[in-house]
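Quick notes on the structure that follows.
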Amino acid sequence: MNELERLQKILAQAGIASRRKCEELILSGVVAVNGETVTTLGVKADPAVDVITVKGRPIRNEQKLYLVMNKPKGVITSASDPQGRKIVSDFLPGIKERVYPVGRLDYDTEGLLLLTNDGEFANLLTHPSHHVPKTYLATVKGIPHGTALEKLQKGIKLEDGMTQPAEVEYQDVDPEKKQATIMITIYEGRNRQVRRMFEAISHPVTRLKRIRFGELGLMNLQRGKYRHLTPKEVQELKDIALKTHKVQK
């Protein structure tokens with residue numbers, strides 16, 4: 001007899017969405033087990049025996065996919081866009097399974113984007129208790145003084161609270177264009193966080209590119225292209241999430 005598992009975990013493992021999103025689906029009343037609608041968390045089921053449906057469609061265990069993409073600027077990470085803008089799935093030829101981003105890059109941000117249909121993997125890397133480092137190159141207006149960057153290093157107050165300390169260093173300074181490129185590593189995943197941090201020191205971002213997620217870099221991946229992660233890379237990402245979780249305890 002198989003061990004019963006929480007419904008949101010079963011849905012996440014089936015590639016429906018991240019565990020947190022699956023919890024929202026359950027609470028919204030679109031998930032049913034053996035024909036009975038479930039609207040509370042904590043319900044357990046056996047995916048090998050029970051018939052589990054989402055919006056009337058039975059779930060199935062998909063092959064787990066782990067992708068890294070070099071997202072171009074001007075592409076959104078949503079599954080669809082009513083305004084008709086390009087979405088990341090437009091750049092995934094040959095991928096038939098439904099994959100979704102691990103975290104997000106906003107419309108104007110480019111660079112490294114992870115995609116998967118493994119909800120447990122996505123939850124592990126994005127959960128607030130797992131401080132997985134993410135590194136960006138930010139081109140900003142003006143040339144920030146070292147004292148301004150120190151504010152980012154120590155943590156700076158935003159409208160949603162103080163940020164965690166960040167790692168920052170100059171990459172390039174262009175006095176003629178009155179701009180600088182700063183490499184910044186953050187350990188959180190707030191909405192538009194890097195942009196808001198630089199706005200807080202009066203040096204707004206004009207270009208933003210994520211170059212690393214954990215220890216995973218873009219390497220020679222061309223803009224708009226993707227590749228499958230190796231099993232070793234997947235495991236390394238899991239390991240760093242678990243490691244940072246233990247460090248924070």
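The values are calculated or read from the model by the stated rules, or taken from the named source; none is laboratory data. Treat the numbers as computed from the prediction; the structure is a model and nothing was measured. Cβ atoms come from the backbone with ideal geometry, glycine included; neighbour counts cover every protein chain shown.
Within segment 40-60, the set of residues being surrounded by 12 or more Cβ atoms within 10 Å (Cβ to Cβ) and in a loop (DSSP other than H, G, I, E, B) comprises Leu41, Val43, Asp46, Pro47, Asp50, Val51, Ile59.
Summed over segment 219-249, residues that are in a loop (DSSP other than H, G, I, E, B), modelled with pLDDT of 95 or more and on the phi < 0 side of the Ramachandran plot total 6. Of the residues making up segment 112-144, those that are modelled with pLDDT of 90 or more and more than 12 Å from the chain's Cα centre (by Cα) are Thr135, Tyr136, Leu137, Ala138, Thr139, Val140, Lys141, Gly142, Ile143, Pro144. Any residue at all in segment 99-108 that's crowded, with 16+ Cβ neighbours inside 10 Å and part of a strand (DSSP E or B)? Looking through segment 99-108, at least one residue is crowded, with 16+ Cβ neighbours inside 10 Å and part of a strand (DSSP E or B).
When you go through Arg227, Arg210, Arg192 one by one, which is the residue that is buried (at least 19 other Cβ atoms within 10 Å of the Cβ), basic (Lys, Arg) and either in contact with a His (Cβ under 9 Å, 6 or more places away or on another chain) or closer than 30 Å to Pro93 by Cβ (or both)? Exactly one of Arg227, Arg210, Arg192 is buried (at least 19 other Cβ atoms within 10 Å of the Cβ), basic (Lys, Arg) and either in contact with a His (Cβ under 9 Å, 6 or more places away or on another chain) or closer than 30 Å to Pro93 by Cβ (or both), namely Arg210.
Each residue in segment 130-156 was checked for being loosely packed, with under 15 Cβ neighbours inside 10 Å, within 21 Å of Arg210 (Cα to Cα) and among the hydroxyl-bearing types (Ser, Thr, Tyr), and 0 of them qualify. The condition of being on the phi < 0 side of the Ramachandran plot, in a loop (DSSP other than H, G, I, E, B) and assigned by the TED database to the domain that holds Thr230 does not hold for Ile16. Among the residues of segment 68-90, count how many are within 25 Å of Glu24 (Cα to Cα) and in contact with a strand residue (DSSP E or B) (Cβ under 8 Å, 6 or more places away or on another chain). Residues in segment 68-90 being within 25 Å of Glu24 (Cα to Cα) and in contact with a strand residue (DSSP E or B) (Cβ under 8 Å, 6 or more places away or on another chain): 8 in total. Among residues that are farther than 25 Å from Val88 by Cα and touching a residue at least 12 places away in the same chain (Cβ under 8 Å), Lys178 is included.
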